[in-house]
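Enquirer: Mind having a look at this structure? Questions to follow.
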Amino acid sequence: DGGITQSPKYLFRKEGQNVTLSCEQNLNHDAMYWYRQDPGQGLRLIYYSQIVNDFQKGDIAEGYSVSREKKESFPLTVTSAQKNPTAFYLCASSILASGELFFGEGSRLTVL
Amino acid sequence: DAKTTQPNSMESNEEEPVHLPCNHSTISGTDYIHWYRQLPSQGPEYVIHGLTSNVNNRMASLAIAEDRKSSTLILHRATLRDAAVHYCIPLLYNQGGKLIFGQGTELSVKP
């Protein structure tokens, strides 16, 4: 079945460590996105990519990095520069500019 | 960026219709209005979208005001699965189609 897969679902890390969250899609979508969600809040856009080897910063890109070496993959690295990394991270993909996003199940990162 | 305004929360009884309002007075003429819903601890799910005309699908109906400054998501018969946060989002066409989520409306459905 086609879909979007995030891993791991839960992740615990010590403060100061970099963490990479995986996002893979087999929907042949050009666009991919990373959002962050804090408890009781809406989603905030971190990074998005409309094509391989290209990506743009969203509203809260500081302390995060991404790569888009393959169409189906858009990993997110949460670096030690991110001041408050504990959050629920959601990856999504879409046909470019269609507005219909398909979301993964999310990765819940807790920094101890 | 276009901004939206939604009530923080609403309540409904199961099997009754629900009208979820959204104000988006600053959207441009090419911005579609999208609605998503998010169940607890899950990623958002696409519900419906439209530009100028009213739209229907198996999940809901979308009524867009003639001046496009507001829209209403209509759930014809609320179910317990509709108990979620519902987001109204303009698709910013001139910014590559990225979606900016606001706070949404948390809908409670009473059995």
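The values are calculated or read from the model by the stated rules, or taken from the named source; none is laboratory data. Quick caveat: nothing in here was measured; it's all calculated off a predicted structure. Neighbour counts are summed over all protein chains in view; Cβ atoms, including those assigned to glycine, are modelled from backbone coordinates with ideal geometry. Quick note on the areas: whole protein, heavy atoms, side chains included, nothing else; ligands and nucleic acids left out. Shrake-Rupley method; radii C 1.70, N 1.55, O 1.52, S 1.80 Å.
Enquirer: Starting from the amide H of A:Gly106, placed 1.01 Å from N in the peptide plane, find each other amide H under 5 Å away whose residue is 5 or more places distant or on another chain.
Expert: Here A:Gln6, A:Cys91 satisfy the definition.
Enquirer: Quote the relative contact order of segment A:13-54 in percent (integer), defining contacts as alpha-carbon pairs under 8 Å separated by 6+ residues.
Expert: 32 percent
Enquirer: What translational diffusion coefficient, to the nearest whole µm²/s, does chain B have by Stokes-Einstein, given a Kirkwood radius computed over alpha-carbon pairs, a temperature of 10 °C and 1.306 mPa s viscosity?
Expert: The calculation lands on 114 µm²/s.
Enquirer: While we're looking at this one, here's another question. How big a patch of accessible area, both sides summed and in Å² to the nearest 100, lies buried between A and B at a 1.4 Å probe?
Expert: 1600 Å²
Enquirer: P(r) for the protein assembly as shown: what percent of alpha-carbon pairs falls in each 5 Å bin, starting at zero?
Expert: It works out to 1, 7, 15, 18, 18, 16, 12, 8, 3, 1, 0, in whole percents.
Enquirer: Return the loop-located GluC sites (Glu not before Pro) in segment A:39-112 (DSSP other than H, G, I, E, B) with at most 11 other Cβ atoms within 10 Å of their own Cβ; answer none if there are none.
Expert: In loop regions of segment A:39-112 (DSSP not H, G, I, E or B), the sparsely surrounded GluC sites (Glu not before Pro) are A:Glu62, A:Glu69.
Enquirer: Among B:Thr52, B:Leu62, B:Leu91, whose Cα lies farthest out toward the positive end of the dipole of chain B, if unit charges sit on the beta carbon of Lys, Arg (+1) and Asp, Glu (-1)?
Expert: B:Leu91
Enquirer: Just for the Cα atoms in segment B:57-111, what are the lengths along the principal axes, largest first, rounded to whole Å?
Expert: 43, 24, 19
Enquirer: Turning to a different aspect of this structure: Scan chain A and report its longest stretch carrying no trypsin sites (Lys or Arg not before Pro) that are both in a DSSP loop and have at most 13 other Cβ atoms within 10 Å.
Expert: The longest uninterrupted stretch comes out as A:15-82.
Enquirer: Follow-up. Of the listed pairs A:Lys57/A:Lys83; A:Lys9/B:Lys110; A:Lys9/B:Lys3; A:Lys14/A:Lys70; B:Lys3/B:Lys110; A:Lys70/B:Lys98, which have alpha-carbon separations greater than 24 Å here?
Expert: Flagged as over cut-off: A:Lys9/B:Lys110; A:Lys9/B:Lys3; A:Lys14/A:Lys70; B:Lys3/B:Lys110.
Enquirer: Under 1.5 on a/c is rounded, so check that first for chain A, then, if it is not, pick prolate when a/b is larger than b/c and oblate when it is not; a ≥ b ≥ c are the square roots of the alpha carbon gyration tensor eigenvalues.
Expert: Cα axes put chain A in the prolate bin.
Enquirer: Let me ask another. In whole angstrom, note down how far apart the Cα centers of segment B:1-60 and segment A:95-112 are.
Expert: Distance between centres, Cα-based: 19 Å.
Enquirer: Rounded to whole Hz and in sequence order, give me ³J(HN,Hα) for segment A:54-61 from the Karplus expression 6.51 cos²θ - 1.76 cosθ + 1.60, θ = phi - 60°, writing x for Gly and Pro.
Expert: Whole-Hz 3J(HN,Hα) from phi for segment A:54-61: 9, 7, 10, 6, x, 7, 9, 6.
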